[in-house]
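The structure under discussion appears below in the form of structure tokens.
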Amino acid sequence: MDKNLEFDTYLFISSNKIIISINNKKSFETIYKKEKLFSNTNNNLPFEKFDEFLNDNIFLIEKDLKNFIKKIYVIFESDSFFVAGSSIKHNFKKSNFNQDKIKETLIEIRNQFIKNSPGYETIHMIINRFVINGDAYKILPKDIKNENMVIQVDFICLEDQITDNFEKIFSKYQISINKILSYEYLKNLDKNKNENITKVANDSLNGLNLNEVYLAKKILKNQGFFEKFFNFFK
């Protein structure tokens, strides 16, 4: 196996199409791409077709790459996604305002959402706006100090059963999911109407939306919650 080949693998899945795209990590040049169209008159979630596609192709792809595919990004186009809004108010006058305080507040709002929404997995967490002393901001101002703040957040979610089905199928091929991404969400991020949705996905994972919060899959006690925090703190 070629250990020097660094690549990311994206799998697009819709009700009638599957595309696998493997791209060089640095240049994002396409190394391998394969597409399969199929009929789906009932518009069911295509798990059987997805499993067949992997069974027919994954080992051939790995042989061609001279490398194992161990992790994958899934771009999923489906009406199964739903958006839920939530908000939380925090009085920073009682504590010094800093980055950690915002993180703690976002952890709290996500924990509350998970507690009240059993059976669903958060796919995207996006800060809709900050309301500070009655004024709304899309991006957190840099000059705030001790303030009353409301943070409004949108959660894009999928049922656990759907994500579990993806994980079970991938596990048959010793592949784990890096992240599931909503196709509709990515399409709305694509201001230039770029047809290469994998490029939009890559840009999204690298901070295209400043207000998206990237989350660890599991909530760990006494450990950092965020894999990557939103970019205006960088």
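The values are calculated or read from the model by the stated rules, or taken from the named source; none is laboratory data. Remember, it's a predicted structure, so these values are computed and weren't measured experimentally. All Cβ positions, glycine included, derive from the backbone under ideal geometry; neighbour counts span all protein chains shown. Just so you know, the surface numbers come from the protein's heavy atoms only, side chains and all, with ligands and any DNA or RNA stripped out. Shrake-Rupley method; radii C 1.70, N 1.55, O 1.52, S 1.80 Å.
Brief remarks on what is shown
- Residue, modelled with the highest pLDDT, within segment 93-128, restricted to residues that are touching a strand residue (DSSP E or B) at 6+ places or on another chain (Cβ under 9 Å), open to solvent by 90 Å² or more (accessible area, probe 1.4 Å) and not hydroxyl-bearing (Ser, Thr, Tyr): ASN116
- Residues in segment 191-213 that are surrounded by fewer than 16 Cβ atoms within 10 Å (Cβ to Cβ) and closer than 14 Å to LYS179 by Cα: ASN206 alone.
- Every condition in (1) within 23 Å of ASP164 (Cβ to Cβ); (2) surrounded by 14 or more Cβ atoms within 10 Å (Cβ to Cβ); (3) at pLDDT below 95 holds for LEU65 except the one numbered (1).
- Number of residues in segment 30-85 that are under 27 Å from ILE114 (Cα atoms) and either more than 25 Å from the chain's Cα centre (by Cα) or of a type in the set (A, V, I, L, M) (or both) equals 6.
- Whenever a residue of segment 196-213 is farther than 12 Å from VAL74 by Cα and touching a residue at least 24 places away in the same chain (Cβ under 8 Å), its partners that are open to solvent by 10 Å² or more (accessible area, probe 1.4 Å) and in a loop (DSSP other than H, G, I, E, B), lying with C-beta atoms within less than 8 angstrom and at least six residues away or across chains, give the pairs LYS199/PHE28; LEU210/ILE139; ASN211/LYS138; ASN211/ILE139; VAL213/PHE229.
- Residue in segment 49-68 that is in contact with a Pro (Cβ under 8 Å, 6 or more places away or on another chain), more than 20 Å from ALA201 (Cα to Cα) and of a type in the set (Phe, Trp, Tyr) present: no
- The set of residues in segment 140-161 that are modelled with pLDDT of 85 or more and either more than 15 Å from ASN211 (Cβ to Cβ) or open to solvent by 70 Å² or more (accessible area, probe 1.4 Å) (or both) comprises CYS157, LEU158, GLU159, ASP160, GLN161.
- Selection of segment 28-56 for residues being part of a loop (DSSP other than H, G, I, E, B) and closer than 19 Å to LYS71 by Cα yields PHE28, GLU29.
- For GLU184, the conditions (1) touching a Ser or Thr at 6+ places or on another chain (Cβ under 9 Å); (2) buried (at least 17 other Cβ atoms within 10 Å of the Cβ) all hold with the exception of (2).
- TYR73, sole failed condition from (1) part of a strand (DSSP E or B); (2) over 21 Å from ILE156 (Cβ atoms); (3) touching a residue at least 60 places away in the same chain (Cβ under 8 Å); (4) not basic (Lys, Arg): (2)
- Residue within segment 9-22 that is more than 30 Å from VAL153 (Cβ to Cβ), in contact with a Phe, Trp or Tyr (Cβ under 8 Å, 6 or more places away or on another chain), part of a loop (DSSP other than H, G, I, E, B) and free of Cβ contacts under 8 Å to residues at least 60 places away in the same chain present: yes
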